[in-house]
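Report on the structure given below.
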Amino acid sequence: MSKNERVDKFKRIMGKYPTGVTIVTTLDANGTPTGLTVNSFTSVSLEPLLILWCLDKRFSSFAAFLKAEKFAVHILSAEQADACWAFAGKEPDRFSKVKWELSVNGLPIISDSLGTLECKTDQQIDAGDHVILLGEVIGLKAEDKEPLLYYSRNIGTIPDHWPAYPRQS
Ligand SMILES: Cc1cc2nc3c(=O)[nH]c(=O)nc-3n(C[C@H](O)[C@H](O)[C@H](O)COP(=O)(O)O)c2cc1C
């Protein structure tokens, strides 16, 4: 199998791995909000509270996140499909597409997310064409909403027949 075939197969397999969707935001050196859609997010540790996500080195505001001491992860709700695509495409002014405000921690916070985690950058780990960003959670906000899901290059919501196989015990 050639390298390209391996990469294609890897993408096909990973594309079938369902995830939630987040938008990660911060302020750049000029104090301008920047952010992107991210599905590589996961929780890592309870003591201390740590999360991670992976940032593509080609992202236009890559330098802003490398310099940032803090960032905010928004776990998107089912009503935020437009925000998901706006923060993943060539939209020049992403923040004009959402309602947002600066938090007391000085982070751009997007409204209507089902969960918001404000984080202090803990570690940055070089990983191939990405950098793994570990954050310590310094602020949390939760709203009672349904999640947005990502699967096979599409977004959607939890199907009506969920849970299909409920736990018996
Ligand atoms: C569902 C979804 C998940 C994504 N996950 C990530 C991710 O985990 N890390 C990342 O760096 N880019 C991810 N992206 C791509 C970035 O959102 C996209 O490359 C970035 O917004 C491009 O911005 P730019 O054109 O300003 O460089 C994802 C895109 C989508 C649609």
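The values are calculated or read from the model by the stated rules, or taken from the named source; none is laboratory data. Keep in mind the model is a prediction, meaning the values are calculated, not measured. Counting neighbours? That spans all protein chains shown, and the Cβs are built from the backbone with ideal geometry, glycine included. In case anyone asks, the SASA skips ligands and DNA or RNA and just uses the protein heavy atoms, side chains included. Shrake-Rupley method; radii C 1.70, N 1.55, O 1.52, S 1.80 Å.
Observations on the structure shown:
- Contact annotation: residue pairs with Cβ atoms under 7 Å, 6 or more positions apart or on different chains, pairing a residue in the range 158-169 that is within 25 Å of Ser77 (Cβ to Cβ) with a partner that is modelled with pLDDT of 95 or more and in a loop (DSSP other than H, G, I, E, B), are Ile158/Glu146.
- Set Thr26, Thr32, Thr42: member being under 14 Å from Cys119 (Cα atoms) and surrounded by fewer than 15 Cβ atoms within 10 Å (Cβ to Cβ): Thr42
- Filtered by the rule that a residue be among the hydrophobic types (A, V, I, L, M, F, W, C) and either in a loop (DSSP other than H, G, I, E, B) or open to solvent by less than 10 Å² (accessible area, probe 1.4 Å) (or both), the range 73-82 gives Val73, Leu76.
This table checks each residue for (1) open to solvent by less than 70 Å² (accessible area, probe 1.4 Å); (2) within 14 Å of the ligand (Cβ to nearest atom); (3) among the β-branched types (Val, Ile, Thr); (4) over 23 Å from Ile13 (Cβ atoms).
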| residue | (1), (2), (3), (4) |
| --- | --- |
| Glu91 | yes, yes, no, yes |
| Ser103 | yes, no, no, yes |
| Ser113 | yes, no, no, yes |
| Thr121 | yes, no, yes, yes |
| His130 | yes, yes, no, no |
| Leu133 | yes, yes, no, yes |
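- Scope the range 38-71; condition more than 25 Å from Asn154 (Cβ to Cβ) and either within 9 Å of the ligand (Cβ to nearest atom) or in contact (Cβ under 8 Å) with a residue 60 or more places away in the chain (or both); matching residues: Val44, Pro48, Leu49, Leu50, Lys57, Ser61, Phe62, Phe65, Leu66, Lys70, Phe71
- Scoring Asn30 on the criteria (1) away from the ligand (no atom under 12 Å from the Cβ); (2) outside any helix (DSSP H, G or I); (3) in contact with a helix residue (DSSP H, G or I) (Cβ under 8 Å, 6 or more places away or on another chain) leaves a single failure, condition (3).
- The one condition from (1) open to solvent by 60 Å² or more (accessible area, probe 1.4 Å); (2) more than 16 Å from the chain's Cα centre (by Cα) that Lys145 does not meet is (1).
- Check on Leu107, closer than 20 Å to Tyr17 by Cα and open to solvent by less than 100 Å² (accessible area, probe 1.4 Å): no
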